[in-house]
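The values are calculated or read from the model by the stated rules, or taken from the named source; none is laboratory data. This one's a predicted model, so the numbers in the text were calculated from it and none came from an experiment. Note: ideal-geometry Cβ built from the backbone for every residue, glycine included; neighbour counts use all protein chains shown.
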Ligand SMILES: [Zn+2]
């Protein structure tokens, strides 16, 4: 099996072959730290953390860099509005961002460079581009001349006439071409001293695009493997990164460009008044969402969709995903009751499959191992985490069915218990690639736990009643549960319940 990734540059799925065999350098554009992150900012980190985990699973040595934009127009404006220092604001919001990353189990970031710490490198790159006549100075600003890059537009696949200038650059009349962008911005008198850096062109600060070119080069080299970010960054930000880096170094900048889909918010039920929109946006701030929902649920929700597709975010969608997650937690609880702690580690099916003796045991082992192959095929297909989570669900069903048919609830035999436990370990090994189920969920994260346990008991009592032909009793259980708003559904592989 070989990994294929969809490359925005070529618009194709390509076989992944890193620049240096066995090693992968990955750069993902990080936050501008001026406001608390919202759910949309969680998507990229969760996706690329999962990509790193999968590359590591495939034995690549991965270095992952996420930049922190701590010098920027919006930061300066927000610090002024709050009456605080730019640096103070940036540090506060960075802490807030990192706390959210921790809750989402985003653990793979190796370097978090800040733009303000790379000013020397940024100035050097500007000088080199000026020497190459690819950049020019106007009144203390330095602009990149896009005509210096013969294939400008190759990432966004836009023709020159379609290109709109980014909103982050002021439209200067002195520019050679309307889409030339600022590499360096001259300081304005009203700006605070802490964002004024000395340069050969007078005091100023870097433009947004160049920081990524400089920091990726410093930490990953002039050519690296994966450059990621949200689809909204393709133009102009990533296009400009390519233009300045490839013009400066005369080398390919990044080999594979991976872009995640954006988050769509369900605002249908909200009247468009500013106050209500502001309230809704506040609810979508990551810190607030994480008070309401466990990080594991948000991560699971994000990974349930293929990463290039847009994610529809709503409380209803999250509630549906919460039910899905419960199926895993219930399996782990059942396993704990019947065959030992599922979080303790233990032999996997690879180690135990030879002990399978009976036909049902052999069939079960084969089914779980086949599902593992499918999971890995899903991941090899451009990190199809949506397919992979679906495959894990099938594994849950297979394990539950095996536990049922082997009568583990009423004892069962030790070998069957061991095989069920090993299958759960196999499932958890795969889930770890997605950053899921690494830790036991906190009790408050599963408020339905007692309800699930009681319903499991009711379903078993009803099954026993039916077995001994006590139909009046089994009907009574079903009817009274229905009166309480719980529907039972008998399926070939067992009875399930749902509310309503
Ligand atoms: Zn960037």
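If you take the residues of segment 224-247 that are over 14 Å from residue 260 (Cβ atoms) and more than 12 Å from the ligand (Cβ to nearest atom), which of them is surrounded by the fewest Cβ atoms within 10 Å (Cβ to Cβ)?
Restricting to residues being over 14 Å from residue 260 (Cβ atoms) and more than 12 Å from the ligand (Cβ to nearest atom), the top hit is 235.
Checking the structure you have, find out if any residue of segment 205-213 is over 17 Å from residue 143 (Cα atoms) and more than 13 Å from the ligand (Cβ to nearest atom). Reasoning before the result, please.
Within segment 205-213, the first condition is being over 17 Å from residue 143 (Cα atoms), and the residues that meet it are none.
The answer is no; no qualifying residue exists.
Every residue in segment 180-204 that is assigned to a strand (DSSP E or B) and away from the ligand (no atom under 16 Å from the Cβ), please. Lay out the reasoning, then the answer.
The first filter runs over segment 180-204 and keeps only residues assigned to a strand (DSSP E or B), leaving 181-186, 197, 204.
Across segment 180-204, the qualifying residues are 184, 185, 186, 197, 204.
Among the residues of segment 456-464, is there at least one that is at pLDDT below 85, part of a helix (DSSP H, G or I) and under 34 Å from the mean Cα position of the chain (by Cα)?
Residues of segment 456-464 that are at pLDDT below 85, as a first pass: 456.
Then drop every residue that is not part of a helix (DSSP H, G or I), which leaves 456.
Subset that is under 34 Å from the mean Cα position of the chain (by Cα): 456.
Yes.
Hey, among 363, 344, which residue is surrounded by fewer than 14 Cβ atoms within 10 Å (Cβ to Cβ) and closer than 22 Å to residue 439 by Cα? Show your work before the answer.
Values: 363 fails: closer than 22 Å to residue 439 by Cα.
One residue alone meets the criteria, 344.
If you go through segment 303-353, how many residues are assigned to a helix (DSSP H, G or I) and either touching a residue at least 24 places away in the same chain (Cβ under 8 Å) or farther than 25 Å from residue 457 by Cβ (or both)? So that I can check it myself, show each step before the final result.
As a first pass, look at segment 303-353 and keep what is assigned to a helix (DSSP H, G or I): 303, 315-339, 349-353.
Narrowing the set further to residues that are either touching a residue at least 24 places away in the same chain (Cβ under 8 Å) or farther than 25 Å from residue 457 by Cβ (or both) leaves 303, 315-318, 320-322, 324-335, 338-339, 349-353.
Within segment 303-353, residues that are assigned to a helix (DSSP H, G or I) and either touching a residue at least 24 places away in the same chain (Cβ under 8 Å) or farther than 25 Å from residue 457 by Cβ (or both) number 27.
What are the residues in segment 117-157 that are within 25 Å of residue 228 (Cβ to Cβ) and free of Cβ contacts under 8 Å to residues at least 60 places away in the same chain, if any?
Of everything in segment 117-157, those that are within 25 Å of residue 228 (Cβ to Cβ) and free of Cβ contacts under 8 Å to residues at least 60 places away in the same chain turn out to be 117, 151.
Tell me which helices (runs of 4 or more DSSP H) are completely within segment 206-302 and hold 3 or more residues being touching a strand residue (DSSP E or B) at 6+ places or on another chain (Cβ under 7 Å), or say none if there are none. First the steps, then the outcome.
Working: elements: 208-220, 239-249, 274-283, 286-292.
Here the list reads 208-220, 239-249.
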